[in-house]
Structure formats: C-alpha cells, structure tokens
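Undergrad: First the structure, then my questions, so here it is.
The values are calculated or read from the model by the stated rules, or taken from the named source; none is laboratory data. None of the values given here were measured: they were computed from a predicted structure. When we count neighbours, we look across all protein chains shown, and the Cβ atoms used for this are built from the backbone with ideal geometry, even at glycine. Remember, those area values only see protein heavy atoms, side chains included, never the ligands or the DNA or RNA. Shrake-Rupley method; radii C 1.70, N 1.55, O 1.52, S 1.80 Å.
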Amino acid sequence: MQKVSVLLFLGWVCFLFYAGIALFTSGFLLTRLELTNQSSCQEPPGPGSLPWGSQGKSGACWMPSRFSRVVLVLIDALRFDFAQPQRSHVPGERPVSVPFLGKLGSLQRILENKPHHARLYRSQVDPPTTTMQRLKALTTGSLPTFIDAGSNFASHAIVEDNLIKQLNSAGRRIVFMGDDTWKDLFPGAFSQAFFFSSFNVRDLHTVDNGILEHLYPTMDSRAWDVLIAHFLGVDHCGHKHGPHHPEMAKKLSQMDQVIQELLERLENDTLLVVAGDHGMTMNGDHGGDSELEVSAALFLYSPTPLFPTVPPEEPEVIPQVSLVPTLALLLGLPIPFGNIGEVITELFSGGNDSHPQASALAQVSALYINAQQVSRFLHTYAAATQDLQVKELHQLQQLFSKASASYEQLLQDSQEAETSLKTLTAELQRFLRGARAICIESWARFSLVRMAGGAALLAAACFLCLLASQLAVSPGFPFRPLLLVPVAWGLTWAVLYAGLAVTAGSKVDTVVLGAVAAAGSILPFLWKVWVSWGSNRPLVPLLPVPGPVLLLLLIRWATFFSDSFVVAEARATPFLLGSLILFLVAHLHWEGQLLPPKLLTVSRLGSSAPTGPPRHSGTYALRLGIGLLLCTRLAGLFHRCPEETPACHSSPWLSPLASMVGGRAKNLWYGACVGALVTLLVVVRLWLRRYGNLKSPEPPVLFVRWGLPLMALGTAAYWALASGADEAPPRLRALVSGASVVLPRAVVGLAASGLVLLLWRPVTVLVKVGAGASRTRTILTPFSGPPTSQADLDYVVPQIYRHMQEEFQGRLERTKSQGPVTVAAYQLGSVYSTAMVTALILLAFPLLLLHAERVSLVFLLLFLQSFLLLHLLAAGTSVTTTGPFIVLWQAVSAWALLATQTFYSTGHQPVFSAIHWHAAFVGFPEGHGSSTWLPALLVGANTFASHILFAVGCPLLLLWPFLCESQGPRKRQQLSGSEAEARVRPEEEEEEPLMEMRLRDAPHHFNAALMQLGLKYLFVLGVQILACALAASILRRHLMVWKVFAPKFIFEATGFIVSSVGLLLGIALVMRVDGAMSSWFRRLVLAQQR
C-alpha cells in the first residue's frame, strides 16, 4: 500500500462525511423566503375605508403623522436592568451595590417628573441576539431565522421593505453615525453618515467618541428628519470586562449624559427613542436566547404629552418588532410590507384621557391598519411558498374578516362604540399575535428528505470507517481498485445529475451534487467489500470494537439526545475520560497488558500471541493513572458555566488579565502564566535532549533551540502589553499599540517559518562519519548500483540501521587496532515522533496567543495529559514483531475524549454566546477593514484549538509504543569471562531497540496502520456528529432545539471538519518524514557502494 493511496482513501472518507453534513444542514437550517414587495401610500394595505382620523387630511398616508422628526439612540447591548434604578427588594435593607444599576438616572427623572411624556418598556428580543439580525428586525419588523446568525460577520444589504427605505421614499433626510454594520445593510441610504468600525470589541471609546463629535452639531443644525446614533461602548465593555466591572458603570454614566443632552435639545415635533438591540449574559456575551440576552430596554419620550395615563409600576413587556409599525404610523409612513409586529396602541391615544372614546377609537384604527398590513403579507407569503400551516392560516383569516366587519360597522355607527371597542381591540390583538406565532413556527421548517439523506450518508460513512479499519491490516486486500471504482461511479452519477438538471433548466444544487457523488461512490465500495469478503462469511470479525469501548461510545452517543447532558457535557466528559483511565490502569495492573486477550477480537499492537512479562510494573501504571486523573481534575477548574445553570459560577481564571483590578494579583498571575510558558518550553527541550535529537545540526532543530525561546519571549511580552495597555502612560501608548501589532504577528511568522523548515528537512538526526574505517558487517544487496525501486530500498534499510547501531554500540568496546567507527546516527529511532512533537509545539504558540493569558496553564496541562496518556497506552503494548501494527480502540477513544475535555477547559461552550470574539483582534487591534475571512479564521482557530492539536498529534498513538521501547529492560547483560568470550557469544547480548525503525521494517504494515488509525479516529468523531444529527432531527420540535441541539450540531460539525483536516495533515507529516528517511538512506547506500 503506497502513501498516496492512504491519503487519497482518507480524503475520500472525509468527503463522504462532508457531503452528509452539508446535506443534513441544508434540510435542517433553512432560511425563509424574503419578499421584495414594498408598501406605498398609493396602495392601502386592504380594502375598505381609510382609518378613522385620516379622512380629509391632505397628504395622509394610511394614518396622519404624529411627529415630523425622530432621534433614534441605539445603545448596543442595553439590557433592560441597565435602565433600572438602584433599589432594595426588602424594605429597610440597603440597596445591592451593582455597578450597572442606577446609572441611567435621567430616564427615571423623566418618568417621575413627566409621566405623560415618557414610557419605559421591556423589549422582548427574538433570538438570535446578534447585532445584524437585531438591526434587520428593528427596521423590517420581521424575524431572522437561526442560520442568519452566521451572517453576523458578513452583513449584506437588506432586500425586504424596511423603515429606512420608506423614509427615503418619503424624501426624509436621514443622518447616521456609529456602527458601520448599517453601511452594509443600507448602502447609499443616508443623506449624511459617519461610520466607525464595529468589530474591535476591545475598543470601548473610539465609536462613542466619534458619535459625540458629530451628534450635537448635527442636531443643532436641524438639517435632518431622522437622526440615528448607534453607540457600541456598552456592548464592547460587556465583551471585554463583563457587566459587573467598574468600566460598565462609567460607560452607562456616559450614555446618561448623552440622553440628558438630547432631552434638552428636543423640540415639540420630535420623538426620542432610546433602545437596546439585545441584552447580554452575566459574562457580557450575547447571541443565544437566555433571559438576560433577550431582555432589552426601550425608552420613548416626547416634549408634548404622548400617553393618556401614568406609567405602570412594572414596565410593560412588548416584542421588539412592535417598534417598527409604531414608528411608521407615528411618522406618517406605510408600514413595511413584511412586518409582523404589533403597534404600541397607547402611543395613538392623543396624549390625554379627557376623551376616552376618541382615544380608544384612535388606538383601534392603528391596530386595524396594522392588521390589514399583516393580513396582506400572510396572503402574499402563503401564495409564494405554500409554507404556512393551512388550517391555522384559515382560522386567522376568519378572525380578521370578523374584525374587519366589526370595524366597518363601528365607523358607520359610532353610537355603539363604547360597547364594541374593547371586543374589537381584543380581536385585532389576537389576530396579530396569532399571525406572529404562525410565522415563527413556519420559519422553523425542515426538509425531512434532506435530513434523512444526510443522516444516512453519515451512518454509511461511519460503517465504512469501521469496516475499512479492519480490512486495512488484512494482507493483500486490494484497496486501490476498491477506491478507484467507487470514485469513478461517484463522478459518473454526479455528471448525470448535473446533466439532468441543466437539461431540465433548473439550477444545479452543489449540496445535492456532492451528496449524489458521495452516495454513488460509497454504495459500490460496500458492495465490492461484501463480494470480496464473501457473502457467506459473518461480518462480526469485521466489527472489532471491544465491549468496554463499545459501551463507552454508546453512552456518549446517547447523551447527545438529552438537552441536560449536552448542557452538562463539560462535566460528563471528564467523568467518561476518568472511567476509561481507571479501566486501562486496572487491566494493565492485573494482566500486565493494556487489555486481557479475552476482551479483544483483534491482536494487540504487533502480535496476537501473548507476550512476555510487562516492561513496567503495576506501580508504574498506577502512577500514570493517578497523574492523568489529577491533571483532568485540575483542567476542570478552568470551566465556563452554561447559561442554563445559573447556580454554577464560571472560573474567573478564564478572563484576561486586563480585566483584573488588583495590580499585585495581576502581577502574580502574569508570573504564573509566564512560568507555564517557560515550563512548556523546557519540557519539550528536555524531551528532545532525552532522545538525542537536540544535537542535530538540521535547520528544524536549530530553530527549536533558538526560535522557540524567541516565540516564548514574544508571547510573554505581548501578554504584558495586553494586560496593562489601559494603564500605559499617554506618551507610550503609541509604542504599546505598535508592539501589540508586531509581537503576535512575529510569533505567528516564527511558527510558520519553523513549520516550513520542518517540512523541508524533517529528518532531525545527528550523523558522524569517521575516516578510513573498516566495516565489520557487509550489507547484502540483490541489486547492483543504487536502489531503483521501493522494494530494493526496503530490503537494505533495516540492514543499514542495524549496522549503524552495532558500530555505535561497539565504539567504546573496540580497541584501536579494530579501527574507528565509520557511521554513527544518534537516536534515529525517534525521528517520526520528534517531527510530530516539534510541529505540535510550533502550532501551540500561535493558538495560545489567541486565548486569554491564564489559559497557558491549560495548554501546559494539555501536553502533560497527552504525555501521560501516551505512556499509559504504550506501557502494556508489545512491539516485538514486525507487523501488523494496530492502534487499540481504547487509545483512539481516550484521545478523542481528551480533545473534547480540552475544548471545555479552554473556556468554550457549544453556543454562539460563548465564542471568544476577542481572538479576531490579536495582532489586529484596529480591525480588519472589509475583510471577513481573516477574523473568522482567527476566531475559528481559537474555538477549535484543541481539535487542531489532537488531530494533528493523532499519529503519536501509533508511534509512541515504539518510542517507549527504549525504556524497557534493554541493558546489556553482564557476561562473565573475558571480552573475547563476550564477542564469541553475541547471542547473549540483547539487541539494541529499533524503536520507530521497526515501522520501516514493514512499510506495507506501516502505511496500513496509518490508514487504520485515521479511519478509527474518523469513526469516533463521525459517531458523535451522527448522534448530533439524529438528535436534532428527532427533537426538531423540542423546546430546546434552537438553544441546545442546533448549536451543538453546528459546533460538532465544524469541529469534525477541522479535526479531519488536522488528521490528514498529521498523517501527511509522518509520510513526509518517511519519504525524507528514504532519501537519507538512499544516500547512505550510494556512499556504502563507493
């Protein structure tokens, strides 16, 4: 089996998984149809008379305008309780001191002094609570679907009818200042605009100060009809410090001053709207649907009386989209075509309660025009998509017809108004709320065919991995024909599908095209395997997962179907990992092997026969197990609590040092972080020195000796600047800012240079050549001249390696008359592991830079856990034969569990609100301009750092037992007699361990073992993504589907893609080292023959 065949086969298997994920996603996360219809004054929303109050008014559009100007102050992430005063819940008790309470005092003063002029509402936000989706809702009155959350990085122009478009159609002058997200959503829509970059969440002041520079002069100029100011400081403060930090109090106090200044400048024809687009969690994040995230503040104020009654003691809760039809009718505009919000009726009462019947009739008129618009939208949308529930839609239309008849009768006979107004109001409100409910339900629609097809593809790919992992080590199994034929079939079916689509005149769906190619290739493969294996032979030997591992996988598979277990996965994963560790230690202690033969249906690594006595005692295994359990427990101290567990308290150690207030504590933590960095560097250098590779003059080794310390120094310097940037003197801030850009880029550049050197010269051994030495062994070659084939090279490589070992081992025992050593290669047996460890440490430094400083302790635990686990797995593994080489299922399962545990220990959760957005600004503190792929890449690398490291390092599971061969009882026996007697009986000496060179003794088995390892790892990961897909499809109507199961599926799918790519890169690196070793030995053969 050739190396290229291994990579191609694994790449094909990955493609099968990708096709299944894409097909399932296209059926599970669908977007709604966006209608481009627009409302206009010339086209009333429905038949019948104009609403009450519009008759006889010149220029009246649906309803006469109440205001000619509006000032919209959008304070990003203004949670509702930020607008509340500092109050005590128990009489006589001192108020609870919370930094964000009572800072918006101007709102409370207005509500108390002018109760008929102002109102504070609790705005109920629809998830997802990301800024771009909220802006769409605040301008269109519609609802974004779940998958729209992915567009928060790359906003696109809104094509639906919206308030901004209606204002432009009416000739209103719109001035905007603030978040540049509006620039992409409404290109060219503003008569004057001052945009500021919104993506740098560490910058609390640039956007806000830029707005304040233009806000008051613009307002005083009166050259505007609509003034929009979108402040970002509160949101950025939440991301950087959290809501309980003193900086939040400062930000809210600044916003209070802004509101106070605006109140003093308002004129009678102007309405002031202060709104938050969403809230934030206790950690300052948003994106989900927790109570704190979906609760925002909404404050309305008019210099003239606007409300007939005083504010209620508890603010009213209204949907956020209700602001859209309310503003449209107050400004005399048509309501946007796709709005599903309900007007805030008390704003249409006329501002006094002296004429209650007139006020009630005005409110009903606003509700009726709103209901006409929503009814028109439902009719148009249902005709375009046939997507709404027919029965519920028919019931709503009957309700609206009844309300319309009642309204027409009310206009004709106003004498019965008092008795029918309340009934009509209730009917209209029931219709509007029912329409909103049916839209929410229908826009969570699913394509069951695509979901079933995607799940079937994932299941087939998992079965293929399980089947092929056993066949990979079968001698002479024809993998190349089994790969080429299915791929040809897959391409044939893809071409046929594309041809049929083009012939039919329909668009070629790339997702379906990939699924057809995947299905067309995997079915012939399974058929050929069935034929080759024999239909009359049982398949049980081909499904060799041991019972304990199968039980572990089933338990983990079942947990994905429970929202409680998904939420608590951060605690469940260490438990499963600890259970597997105890299982391994117990069997290693009792049997002397990793697993007793009775539990296995396949041979252990290297041999199926019982091996000799163990190389390590039970005490050694017990120490490894205790160390692993201790590291797992310590890593659990770094945890982030899910939103669903309010009693849980997240670890404060996951926050950046810049958020700490105490200077001494900050310095101590900084010292601990630098200590962890230095310890990690020293451990890697000691490991390389232990295996002799640190003495090599090769460029990668020189880079490890000098480049890694520079990377550690640059990382520590960047941490120092980042943790104290706010405390830097003004004259040094420019220098600090420049260094914050240069240092992380320099570290990443050094890491990239080291990886390039490693790929260029991956053989890191020290070779010494003597002059004029006679050789004690003749290398027999069945060919003349240089080797001309891989078979020739495979024949002589073991002879060369044993020859060098004999020369090097006998150097101290030989006399001068026997001649000096001609060739000595130091620790050639660890050449593969050295390249892997070097690559991992080079990857770890850039990934560590993307995390908070104290996560360096987690990275140190990560490497320590990996080291202990590899030794534990290798402790009972026999490597005395030349093949086949098999990596145990226990090893692969433990490795995957360790990757998941590290994901949670680095402060991540499978929810959008827990994404570490600050990673996008490491090395780019001023943002990325219009680029979206680079910040997305940085955030993705931060989120899936554990997946990257463990996937790339997966080949160590195969290499480490051979590396540990040097730690067994290989010492030279103490022979009696003279030195000459010892030479006469060389068989009484134990042979020097070949270590990783044993893999080159059997290159076919080596390649097969790499393929089997990759297939097993893909199977374990594939089972997880299959479970998530099935859980999301079966529980698609579950209450927690969009809060728990959908995000879990998205994170698991993305993690699988990242892990599969990392796995291919790790295996490719091993093959690159193997190819370099072949070239290295080829040069030795030529030198031998000369």
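Here's the yes/no breakdown for (1) in a loop (DSSP other than H, G, I, E, B); (2) in contact with a helix residue (DSSP H, G or I) (Cβ under 8 Å, 6 or more places away or on another chain):
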site	(1), (2)
V175	no, yes
G178	no, yes
D184	no, no
A189	yes, yes
F195	no, yes
N209	no, no
E213	no, no
Y216	no, yes
A229	no, yes
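Undergrad: Being among the basic types (K, R) and touching a Gly at 6+ places or on another chain (Cβ under 8 Å) is the filter; apply it to the range 610-657 and report the residue that is modelled with the highest pLDDT. Quick ask: steps written out before the conclusion?
TA: To start, the set of residues in the range 610-657 that are among the basic types (K, R) comprises 615, 623, 633, 640.
Checking the rest, the ones that are also touching a Gly at 6+ places or on another chain (Cβ under 8 Å) come to 615, 640.
Details: R615: 49, R640: 86.
Of everything passing the filter in the range 610-657, R640 is modelled with the highest pLDDT.
Undergrad: Could you tell me which residue of the range 915-928 is nearest to S737 (Cα to Cα), considering only residues that are outside any loop (DSSP other than H, G, I, E, B) and aromatic (F, W, Y)?
TA: That would be F921.
Undergrad: Looking at E644 and the list (1) open to solvent by less than 30 Å² (accessible area, probe 1.4 Å); (2) over 24 Å from L862 (Cβ atoms), which single condition is not satisfied?
TA: Just one mismatch for E644, condition (1).
Undergrad: Can I ask one more? Can you go through E291, E267 and tell me which one is charged (D, E, K, R), surrounded by fewer than 20 Cβ atoms within 10 Å (Cβ to Cβ) and modelled with pLDDT of 90 or more?
TA: When all the criteria are applied, what remains is E267.
Undergrad: Output the residues belonging to the range 250-267 that are free of Cβ contacts under 8 Å to residues at least 60 places away in the same chain and either at positive phi or acidic (D, E) (or both).
TA: Of everything in the range 250-267, those that are free of Cβ contacts under 8 Å to residues at least 60 places away in the same chain and either at positive phi or acidic (D, E) (or both) turn out to be E261, E264.
Undergrad: I've got another one for you. Return yes or no: is H245 touching a His at 6+ places or on another chain (Cβ under 6 Å) and not acidic (D, E)?
TA: no
Undergrad: Assess whether G1022 counts as being modelled with pLDDT of 90 or more, in contact with a Cys (Cβ under 6 Å, 6 or more places away or on another chain), of a type in the set (G, A, S) and not in a loop (DSSP other than H, G, I, E, B).
TA: Yes, satisfied.
Undergrad: While we're looking at this one, here's another question. Restrict the check to the range 725-742 and report whether at least one residue is touching a Ser or Thr at 6+ places or on another chain (Cβ under 7 Å), buried (at least 19 other Cβ atoms within 10 Å of the Cβ) and in contact (Cβ under 8 Å) with a residue 60 or more places away in the chain.
TA: no
Undergrad: What do you reckon, is Q901 in contact with a Gly (Cβ under 9 Å, 6 or more places away or on another chain), open to solvent by less than 10 Å² (accessible area, probe 1.4 Å) and at pLDDT 85 or above?
TA: yes
Undergrad: Let me ask another. In the range 405-417, which residue that is at pLDDT below 85 and among the aliphatic types (A, V, I, L, M) is most open to solvent (accessible area, probe 1.4 Å)?
TA: L411
Undergrad: Would you confirm whether any residue within the range 336-350 is among the charged types (D, E, K, R) and over 21 Å from S65 (Cβ atoms)?
TA: No, there is no match, as no residue in the range 336-350 is among the charged types (D, E, K, R) and over 21 Å from S65 (Cβ atoms).
Undergrad: Another question, then. Of the residues that make up the range 861-878, is at least one touching a strand residue (DSSP E or B) at 6+ places or on another chain (Cβ under 7 Å), over 20 Å from G578 (Cα atoms) and either in contact (Cβ under 8 Å) with a residue 40 or more places away in the chain or not in a helix (DSSP H, G or I) (or both)?
TA: Checked against the condition, which is being touching a strand residue (DSSP E or B) at 6+ places or on another chain (Cβ under 7 Å), over 20 Å from G578 (Cα atoms) and either in contact (Cβ under 8 Å) with a residue 40 or more places away in the chain or not in a helix (DSSP H, G or I) (or both), the range 861-878 yields at least one hit.
Undergrad: For R445, only one of the following conditions fails: (1) closer than 19 Å to F1049 by Cβ; (2) assigned to a helix (DSSP H, G or I); (3) at pLDDT below 90. What is its number?
TA: Only one criterion is unmet by R445, namely (2).
Undergrad: Kindly indicate whether H205 is in contact (Cβ under 8 Å) with a residue 60 or more places away in the chain, open to solvent by 20 Å² or more (accessible area, probe 1.4 Å) and closer than 30 Å to H649 by Cα.
TA: Taking the combined requirement at face value, the residue does not satisfy it.
Undergrad: Right, next: Quick check on the range 235-246. Is at least one of its residues free of Cβ contacts under 8 Å to residues at least 60 places away in the same chain, part of a helix (DSSP H, G or I) and surrounded by fewer than 23 Cβ atoms within 10 Å (Cβ to Cβ)?
TA: Among the residues of the range 235-246, not one is free of Cβ contacts under 8 Å to residues at least 60 places away in the same chain, part of a helix (DSSP H, G or I) and surrounded by fewer than 23 Cβ atoms within 10 Å (Cβ to Cβ), which makes the answer no.
Undergrad: Moving on to the next point. Give the range 1049-1070 a look and list any residue that's over 10 Å from the mean Cα position of the chain (by Cα) and open to solvent by less than 20 Å² (accessible area, probe 1.4 Å), or say none.
TA: Selection gives F1049, F1056, S1059, S1060, G1062, L1063, G1066, I1067, L1069, V1070.
Undergrad: Being modelled with pLDDT of 85 or more and more than 30 Å from A517 (Cα to Cα): is that true of A456 here?
TA: no
Undergrad: Mind checking which residues of the range 693-713 are under 26 Å from A635 (Cβ atoms) and modelled with pLDDT under 85?
TA: The answer is none; no residue qualifies.
Undergrad: Find all pairs meeting these conditions: Cβ atoms under 8 angstrom apart; at least six residues apart or on different chains; first residue within the range 172-191 and without any contact (Cβ under 8 Å) to a residue 24 or more places away in the chain; second residue open to solvent by 10 Å² or more (accessible area, probe 1.4 Å) and of a type in the set (S, T, N, Q).
TA: Short answer, once both residue conditions are applied: D180/S197; D180/S198.
Undergrad: Which one of these does L306 not meet: (1) open to solvent by 40 Å² or more (accessible area, probe 1.4 Å); (2) touching a His at 6+ places or on another chain (Cβ under 9 Å)?
TA: Tallying (1) open to solvent by 40 Å² or more (accessible area, probe 1.4 Å); (2) touching a His at 6+ places or on another chain (Cβ under 9 Å), L306 fails exactly one: (1).
Undergrad: Sticking with this one: Select from the range 693-723 the residues that are assigned to a loop (DSSP other than H, G, I, E, B) and either open to solvent by 20 Å² or more (accessible area, probe 1.4 Å) or at positive phi (or both) and list them in ascending order.
TA: Passing the criteria: P697, E698.
Undergrad: Within the range 671-692, work out how many residues are under 22 Å from F638 (Cβ atoms), of a type outside the set (V, I, T) and open to solvent by 60 Å² or more (accessible area, probe 1.4 Å).
TA: The total comes to 0.
Undergrad: A follow-up question, please. Among the residues of the range 929-941, is any closer than 30 Å to L466 by Cα, part of a helix (DSSP H, G or I) and either touching a residue at least 60 places away in the same chain (Cβ under 8 Å) or of a type in the set (F, W, Y) (or both)?
TA: First pass over the range 929-941, keeping only residues closer than 30 Å to L466 by Cα: 940-941.
Applying the additional criterion that residues be part of a helix (DSSP H, G or I) yields 940-941.
Cutting the leftovers down to either touching a residue at least 60 places away in the same chain (Cβ under 8 Å) or of a type in the set (F, W, Y) (or both) gives us 940-941.
Yes, because at least one residue in the range 929-941 is closer than 30 Å to L466 by Cα, part of a helix (DSSP H, G or I) and either touching a residue at least 60 places away in the same chain (Cβ under 8 Å) or of a type in the set (F, W, Y) (or both).
Undergrad: Right, here's the next one. Mind checking which residues of the range 386-404 are part of a helix (DSSP H, G or I) and open to solvent by less than 40 Å² (accessible area, probe 1.4 Å)?
TA: Correct list: L393, L396, L399, F400, A403, S404.
Undergrad: Related question: Residue check, R537 against (1) modelled with pLDDT of 85 or more; (2) among the charged types (D, E, K, R); (3) not in a helix (DSSP H, G or I), all met but one. Which one?
TA: (1)
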